[in-house]
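Written below as structure tokens is the structure these notes are about.
Rule-based calculations on the coordinates, nothing more; no lab input. Just so we're clear, the structure is a prediction, and the values are computed from it rather than from any experiment. Virtual Cβ from ideal backbone geometry, glycine too; neighbours counted across all protein chains shown.
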Amino acid sequence: MIDASHVREHMEVKGADGGHVGTVDRVEGNRIKLTRSDPASGGQHHYIDLGMVDSIEGGAVRLSKKADEARRSWN
């Protein structure tokens, strides 16, 4: 699992396919809270488990799942 301290506010979250998933609001425990103001969020906060993070590349969080798979697993 990635070190949570490397995940920063306002980083873009991308799927393994490069598709946009959301924007980091903050880290809460072992989850990334996504901003509700991001157009992909539907006006709601969503959470992604840190275990799904593959890497931090170019100022973005890259997930191990494709963007559509990641959105289906929002909790």
Separation in nanometres of the label points that stand 7 Å from Cα toward Cβ, at E69 and E12: 2.1 nm
query: Using a basic spin-label model with each label point 7 Å from the Cα along Cα→Cβ, how many nm lie between H20 and H45?
result: 2.2 nm
- line: Of the candidate values (1) 73; (2) 144; (3) 92, the one computed for volume of the Cα convex hull per residue in Å³ from this structure is (1)
statement: Within the set I48, I56, I32, GNM on the chain using Cα springs under 10 Å gives the largest fluctuation to I56
query: GNM, the chain, Cα, under 10 Å: largest mean-square fluctuation among G22, G42, G59?
result: G42
